[in-house]
1. Which ones in the range 67-93 are of a type in the set (A, V, I, L, M) and at pLDDT 95 or above?
2. Taking the conditions exactly as written (among the small types (Gly, Ala, Ser), over 17 Å from Val158 (Cα atoms) and at pLDDT 95 or above), does Ala64 satisfy them or not?
3. Within the range 116-134, restricting attention to residues that are assigned to a helix (DSSP H, G or I) and at pLDDT below 85, which residue is surrounded by the most Cβ atoms within 10 Å (Cβ to Cβ)?
4. Which of the residues that make up the range 289-316 are assigned to a loop (DSSP other than H, G, I, E, B) and surrounded by fewer than 23 Cβ atoms within 10 Å (Cβ to Cβ)?
5. Does Leu143 satisfy the condition of being over 19 Å from Ile56 (Cβ atoms), of a type outside the set (D, E, K, R) and crowded, with 20+ Cβ neighbours inside 10 Å?
6. Considering every residue within the range 23-38, establish whether at least one is of a type in the set (Ser, Thr, Tyr), at pLDDT below 95 and more than 25 Å from Phe299 (Cβ to Cβ).
7. Going by the structure shown, is Ser133 in contact with a Ser or Thr (Cβ under 8 Å, 6 or more places away or on another chain) and among the hydroxyl-bearing types (Ser, Thr, Tyr)?
8. Being surrounded by 15 or more Cβ atoms within 10 Å (Cβ to Cβ) and within 20 Å of the chain's Cα centre (by Cα) is the requirement here; does Leu137 meet it?
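The values are calculated or read from the model by the stated rules, or taken from the named source; none is laboratory data. Quick caveat: nothing in here was measured; it's all calculated off a predicted structure. Using ideal geometry, Cβ is built from the backbone for each residue, glycine included, and neighbour counts are taken over all protein chains shown.
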Amino acid sequence: MTTATETLPQSLIDLETIRAAAGRIASVAVKTPLVRAPFDGVGGEVWLKAESLQPIGSFKLRGAANKIFELSPEEIRRGVITYSSGNHAQGVAYAARAVGAKAVIVMPSNAPTIKRAATLALGAEVVDVGLASSERLAKAEELVREHGYIVVPPYDDVAIIAGQATCGLEIVEALPDVDLVLAPVSGGGLLSGVAAAVKLLAPNAKVVGVEPELAGDAAESFRTGKIATWAAELTSRTIADGLRTQSVGVRNFAHIQAYVDAIVTVTETEIRAAMRAIVATTRLVPEPSGAVTSAALLFHAAELPKYRKAAAVISGGNVDPRLLAEVLTERPEA
């Protein structure tokens, strides 16, 4: 692994911080199950960490709740704001509602309808901007200056990373002899947290990040040792709408460099095939972003470490019903 000292933040999260986060969010976040996936042709046993079964259908509740539940009463009165394409938006809205805080979400215009509707149903106010993640950030900063909201970042934040790390904590607690853990990567919140928890508890286990090749900025960053930024026109091409972030966060990249063994990219065809395989073998419903880890196991075995027991995170299940029907009924490519 490479090191880019110019991007290192203050410090990496520790196990005590992760365990504290697990206790803090226990009232809202579910300890999701590991579901055995009898995929054909893989290198060992595969278990899927079903974050699609969280109350909001995504792991994002973990980090959002940990951040918001740490706020003071005065900060809660000011309200919270974030910038998200959907799942983090729902996590912030859900956690904010639990503490009685106003939630404002800056969303891209191409956010999935199902995620936008769910965010509104949780009582949040939605502000629309363009496709670029930089546009979302700029608008959020403008609203913070105007109204004094507290920012709940999607990924580049210690409390967010610690909250997402509770997913990795649960994996090792449920499957102590796991020797390979795969997590999707976009901004890096989930991968950095899961990798930290897994490596702190099971140092010999390998951790691999997975992302679409059409939004492969994290893989490039990992390969070069320097954070790469991809244009929104490029990352927006992938069906995996939750993985369209243009670059990994600084804190996330530091954790990735310290704890992640590899980052693999998968094709759009492979993502769709993995969605079908997950539904067929487990009856779990993944969104495209949640299927990338299974796609890596099914189609990129040569790029993965050898394993006996692998755990692959299904990061979410908030898929548009029409897209799901299309994927499940289409004729697989030869």
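1. Initial filter on the range 67-93 (of a type in the set (A, V, I, L, M)): 68, 71, 76, 80-81, 89, 92-93.
Across the range 67-93, the qualifying residues are Ile68, Leu71, Ile76, Val80, Ile81, Val92, Ala93.
2. Working: among the small types (Gly, Ala, Ser): yes; over 17 Å from Val158 (Cα atoms): no; at pLDDT 95 or above: yes.
So Ala64 fails the test.
3. We begin by selecting, within the range 116-134, every residue assigned to a helix (DSSP H, G or I); these are 116-121, 133-134.
With at pLDDT below 85 added as a condition, the list becomes 133-134.
Details: Ser133: 24, Ser134: 16.
Of everything passing the filter in the range 116-134, Ser133 is surrounded by the most Cβ atoms within 10 Å (Cβ to Cβ).
4. Of the range 289-316, the ones assigned to a loop (DSSP other than H, G, I, E, B) are 300, 304-308, 315.
Scanning the range 289-316 gives His300, Leu304, Pro305, Lys306, Tyr307, Arg308.
5. On the way: over 19 Å from Ile56 (Cβ atoms): yes; of a type outside the set (D, E, K, R): yes; crowded, with 20+ Cβ neighbours inside 10 Å: no.
Taking the combined requirement at face value, the residue does not satisfy it.
6. As a first pass, look at the range 23-38 and keep what is of a type in the set (Ser, Thr, Tyr): 27, 32.
From what is left, the residues that are at pLDDT below 95 are none.
No - not one qualifying residue is present in the range 23-38.
7. Working: in contact with a Ser or Thr (Cβ under 8 Å, 6 or more places away or on another chain): yes; among the hydroxyl-bearing types (Ser, Thr, Tyr): yes.
Criteria met by Ser133.
8. Details: surrounded by 15 or more Cβ atoms within 10 Å (Cβ to Cβ): yes; within 20 Å of the chain's Cα centre (by Cα): yes.
When the stated conditions are applied, Leu137 passes them.
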